[in-house]
1. Can you tell me which residues in the range 282-311 are open to solvent by 70 Å² or more (accessible area, probe 1.4 Å) and either hydroxyl-bearing (Ser, Thr, Tyr) or part of a helix (DSSP H, G or I) (or both)?
2. Taking the options Asn367, Asn335, Asn317, Asn388, name whichever one is without any contact (Cβ under 8 Å) to a residue 12 or more places away in the chain and crowded, with 16+ Cβ neighbours inside 10 Å.
3. Kindly provide the set of residues from the range 42-73 that are open to solvent by 40 Å² or more (accessible area, probe 1.4 Å), within 16 Å of Gln103 (Cα to Cα) and at pLDDT below 75, ordered by number.
4. Which one of the conditions (1) closer than 23 Å to Val295 by Cβ; (2) more than 22 Å from the chain's Cα centre (by Cα); (3) not aromatic (Phe, Trp, Tyr) does Gln249 fail to meet, given that it meets all the rest?
5. Only residues that are open to solvent by 90 Å² or more (accessible area, probe 1.4 Å) and farther than 14 Å from His346 by Cβ: list them for the range 321-332, please.
6. Spot the failing condition for Leu380; the list is (1) out of contact with any Ser or Thr (no Cβ under 6 Å at 6 or more places or on another chain); (2) over 23 Å from Arg432 (Cα atoms); (3) open to solvent by less than 50 Å² (accessible area, probe 1.4 Å); (4) part of a helix (DSSP H, G or I), and only one is missed.
7. Among residues belonging to the range 165-192 that are of a type in the set (Val, Ile, Thr) and open to solvent by 10 Å² or more (accessible area, probe 1.4 Å), point out the one that is nearest to Leu143 (Cα to Cα).
8. Return the pairs, sorted by first residue and then second, in which the second residue is not hydrophobic (A, V, I, L, M, F, W, C) and not in a helix (DSSP H, G or I), the first residue lies in the range 115-132 and is farther than 20 Å from Phe144 by Cβ and open to solvent by 20 Å² or more (accessible area, probe 1.4 Å), the beta carbons are less than 6 Å apart, and the residues are 6+ apart or on different chains.
Amino acid sequence: MLFSSNEDQNFALSRFESMLKTNNVFFFDSAEFEDITHHYLDAGKVALAKKAIKIGLEQHPSSVNLKLMGIELMVFENKLDEAEKLLDELYTLEPSNAEIYIQKANIYSKRDEHYKAIELLKMALEFSNDLGDVNSLIGMEYLFIDDFKEAKRHFMKCIELDIDDYSSLYNIIYCFEFLEDIDGAISYLNEYIDKNPYSEVAWHQLGKQYYSKNLFQEALASFDFAIIADDRFIGAYLEKGKVLEKLGQYNEAIHNYEVTLKLDDPTSFAYLRMGKCHEKLGNKDLAVKFYYKTVHEDPLLDKGWTAITDFYIRQDNYQKALYYINKAINIDTENVAYWKRSAEIHRALQLYEEADIAYQKTVELGNYELSTWIAWADILKLLGEYSNSTHVLLQALEFYPDNSKIEYRLAGIYFILGEQSKGTFHLKNALRNNFKEHLLFKKLFPSVVMRMSVKNIISEFKNPYT
């Protein structure tokens, strides 16, 4: 039971806080103590909530609801054994109290015993007056054990009980997406909209499902309906802008992003998308302006820094690209995308030693793409660091066994190093896996290919039909 009015709430709270300050003892009925406790819990004032429960139980020692609130706090603070003992005592007094089952389930959930939690919550359904809340708790437990079908079923029950339970609606769509059943999500949302046609959330979610299937016209219509239902729904304008970009309608997309700037504080995402649109329209000055705004609005957004860096790379202005990627790295030294771009820019500027350092950092941070390994090995070859280059290529070979691009490079470098048997081994592997690519080998290692021994190996594998 909640306070019947704000006046009642304020009066009871002021009396309670006055009692704490003056040490005078005021009497409250148990329902008032419950409401006071709820107020403090909602406000995150746990210490005051504990005091309200303590004093409440002193005045009403038989109040099961206050005891359950105390137990809820114990569970929150991971005092699970103590909470469980008190729950067992309460169960003997009120075996049909749903909250006892719910709190016991909460304890099992905290112990990762989710099947036991589900069993207790299903028992709580028999006694609870709030079936929606209990079904939601069951759904969450099924999510913990990755049973998305059962989780979805219980969240759907929540919607049957309360069609405006958007938290459950989001969870249902999450389950459909995890089950990779986008058609199922679309079908469910359309059925939901038939019952609740002015739900901006459902239209928005439906648009996102259509977008994921590249059904852009259907997505556009869905976002338009979301906006009709709520013309201040920023998410719908942003998603509509993304669809319009896909359809090549860049000016219309910019207009939708501009609407979001008027409705609320600007977002780095809107600025970034506007920059991309202007770049597609050939408005280079405006594109750069919005990329600047993106990184100014959110210096930690890596997409902003990569957008402005890539813009200058496309203009072949590597000095400016280097300036901005260095600024990005100074903000976030562990961002692998920044280091990879740094390596590519240094390579373009023929600053090979700096490129070597950047590629090394890229790999250290977990980028194991084939292109990264090969570019790094090529840089080391240019620097004359042949042993280091082979070391990098051998590491790459562990990730990409028998890859001809790697094998040809290993062969060439081993021949340069005078290690004929290793060179022959890797050259034969490369020719066996991809003979046509030996033309790249000739381009990378022209002096090696001139050797008669190497020519003979290549001629062994030559396909007469190529």
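The values are calculated or read from the model by the stated rules, or taken from the named source; none is laboratory data. The structure presented is a predicted model; accordingly, all values stated were derived computationally and were not measured. As a convention, Cβ positions derive from the backbone with ideal geometry for all residues, glycine included, and neighbour counts pool all protein chains shown. Accessible surface areas use protein heavy atoms only, side chains included; no ligands, DNA or RNA. Shrake-Rupley method; radii C 1.70, N 1.55, O 1.52, S 1.80 Å.
1. Within the range 282-311, Lys284, Asp285, Lys289, Tyr292, Lys293, His296, Glu297, Lys303 meet the criteria.
2. Asn388 is the lone residue from the list that is without any contact (Cβ under 8 Å) to a residue 12 or more places away in the chain and crowded, with 16+ Cβ neighbours inside 10 Å.
3. Asn65, Lys67
4. Single failed check for Gln249: (1).
5. The answer is Asn330, and nothing else.
6. Here Leu380 meets the rest and fails (1).
7. It comes out as Ile182.
8. What qualifies is Phe127/Ser96.
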